[in-house]
1. Restrict the search to the range 46-97; then list the chymotrypsin sites (Phe, Trp or Tyr not before Pro) that DSSP places in a loop and that have at most 14 other Cβ atoms within 10 Å of their Cβ.
2. Go through Lys362/Lys389; Lys380/Lys551; Lys55/Lys127 and tell me which ones have a Cα-Cα distance over 18 Å in this structure.
3. Show the residues, 5+ positions off or on another chain, whose built amide H is closer than 5 Å to the amide H of Phe102.
4. Per-residue counts of other Cβ atoms within 10 Å, averaged by peptide: what ranking do you get for 134-143, 436-445, highest first?
5. Separation between the Lys427 and Met32 pseudo-spin-labels, each 7 Å from Cα along Cα→Cβ, expressed in nm?
6. Excluding Phe265 itself, what net charge comes from residues whose Cβ is under 12 Å from its Cβ, given Lys and Arg +1 and Asp and Glu -1?
7. First measure r as the distance between the Cβ atoms of Lys14 and Lys55, then evaluate 1/(1 + (r/R0)^6) with R0 = 45 Å and state the FRET efficiency to the nearest 0.05.
8. Starting from the Cα gyration tensor of the range 394-480, take the square roots of the eigenvalues, sort them a ≥ b ≥ c, and report rounded, prolate or oblate (rounded when a/c is under 1.5, otherwise prolate if a/b is larger than b/c, else oblate).
Amino acid sequence: MNEQDIISMANIQKDWNGYMAYKIKPQFVSPMISESWERSINYGLNPWASPHTIKNIRGSYNCLHLMRENNAKLIDYALPLMKYVCSIIDDIACIIRDNTGFTLYHITSPEALKTYVNSNGLLSDEKYQGTNSSSLALMYQKQVSVCGCENFFMYYHRLSRVASPLFDNNNQIIGVMDLTCNGYHEDFPIFCNVLDIVSRLINLCYIRDNGVESTDLFTDILDSCTDACVCVDYDGTILNCNTSCLQRWSSDTKQSIIGLSILEFLDLQEWTTVSFHPRPIRHLEILDTVNNSNSIITINRIDKPMEKECYLLRFRSEIPYTDNPFALPIAFEETDSVHFLSQNNIIGSSSGISNIRNIIQKISATSVPILIEGSTGVGKELIAQAIHKESEVYGDFVAINCGSIPASLLHSELFGYEEGAFTGARKSGSIGKFASADNGTIFLDEIGEMPLDMQVSLLRFLQDYTVTRIGSNQSRKLSVRIIAATNRNLDKEVQEGRFRQDLFYRLSVVRIKVPDLTERREDILPLAQYFLDKFSMKYHSSLISFDEESKILLQNYSWPGNIRQLQNVLEQLVIFSNNDTLVCKSLLPDFICDYTPSSEESIGKSDDKINSSLHNMETNLVLQTLDKFNGNLTQAAEALGIARTTLYRKLKKLGRI
């Protein structure tokens, strides 16, 4: 940011502070922005509101699915372009909304996956979100940028956003596209230009009514990236490249490169493996044979509208930093809403939860099918969301309950159908859940309830990841991760012939067993405290903690409904609390206060205490022996009568190595 930009941003901040606090007429912002500030104040919005109190109007998943169906053509044209842009521009979020401001898709560049809150289903309306680029672009029917302090809410001052309205062949507004970045980005003018190109391409799609074939506009987008970029097809043949790539390989024209094999420039002998990989490959280090130097590249699969898939190879100078400083802890609960938490945000310190965290970390970079097993209410869907988030895929997390959909409709729900495919079919058809999850994750809950004939179709899909809509003869290859969950014993279901053995083996490459809440009692109070904080904020309660008696009662209860039941109990007691600051016995339901542990549970607790005492004794003995021999592992192991490798493992588990 140059000196002039700094002065400009400082003046805008003065305008914002003066208007919001004292209603001083702004001098440096445009009339469009100042008028939007005035409307936002008149709507009763608080410019200093915290993110938890900003009113976010978000549709349910069913509403989101319906809105996507109603805007299928816009999505078909826009989504590949969004992925294309996010592949070549760092640290941005690209958002497509309909002509009411309803968010249809939100994707980010790979480096920004953990930075921007997923806004799918969110209504971007000035009445709730204050001054924002999407609302203004729809209102004024032109490209609008809102940077830093021009945003109404102070919380959004860290964002710069530009939005362009999208028009069909009749010049009617059909939606709006938004590019968002953190702070003021020095390349923000380039973002505005790229968005203008994308909006023109979408308009061209509608005019031709069959998508856009190769055009110079694609090259203009590619040239906006300062890194060397090259597009190749499924076989590794070069389709296009940008100016930076020509300079890197000392070539005069693109025609001298296009049509050649990428293997002539890069040591990518495993290209077949790369192209078959079902998700973008990050940070692959390869040899650039032209310059005889090792290079870091990212490979993203992209789809141009109405064209076959291709791959974008982008040369990087370093591996981008991807941590999110704004991440908030999210409870390990099961819910219908999508939180997109990561494994680091899971609440719980028990060995069972720690083991699940380790599994998530190890499998996130793979694409293997996963089977999550556990009782009702233990949080199976939240584990699936954590895997999706850690995988850093830019597609959606799509959940479907296999037990809640009639068997006759399940196939069409999963695989989609064409217009008029059957009686009662929607006029616009349906893309299906699998296609909705392309480049993302599909979560098949209650997989044990799936009918046997449907299991055959799922097995066929798992063989080549290809779907064919009902009523269509065209197949589409997808890149989607399958995560299934069940509260049934599938091993027993297979033995009794109610679940196909071959499908079971396909789905259970990795199995995750989620323990009941009573099997990890040390997590009960941290979870209870989380829910207490959450609902106290929601219902403006003064409750802040638990007294000792209520803690004992919560820990002793059996919790047959697991975390979902715990959540419901905490929400109920917060609602019916008065001006209390501590949760006491009188606020707890009678079934918890009157609960008496069974003899088996009492024995189990005694065993837990004995095991804990033995573990502490062993830990003290190991550490004392190690101190006695001044940290010499060999001598300490001999004195303890165990192998040196065993001692090493114990010390590593204790965090001493």
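Please treat every number below as a calculation from the coordinates, not as lab data. Note that the coordinates shown come from a computational prediction; the quantities given were computed from them, not determined experimentally. Please note: Cβ atoms are built from the backbone with ideal geometry, for glycine as well, and neighbour counts cover all protein chains shown.
1. On the way: sites: Trp48, Tyr61, Tyr77, Tyr84; in loops: Trp48.
Of the chymotrypsin sites (Phe, Trp or Tyr not before Pro), the ones in loops of the range 46-97 whose Cβ has at most 14 other Cβ atoms within 10 Å are Trp48.
2. Working: Lys362/Lys389 13 Å; Lys380/Lys551 26 Å; Lys55/Lys127 9 Å.
Pairs exceeding 18 Å: Lys380/Lys551.
3. Hits under the 5 Å cutoff: Ser124.
4. Values: 134-143: 20.2, 436-445: 23.4.
So the peptides 134-143, 436-445, ranked by packing, come out 436-445, 134-143.
5. 3.4
6. In short, -2.
7. Details: r = 28 Å, r/R0 = 0.61.
Working from the Cβ atoms, E equals 0.95.
8. Details: a/c = 1.42, a/b = 1.10, b/c = 1.29.
Since a/c stays below 1.5, the shape of the range 394-480 is classed as rounded.
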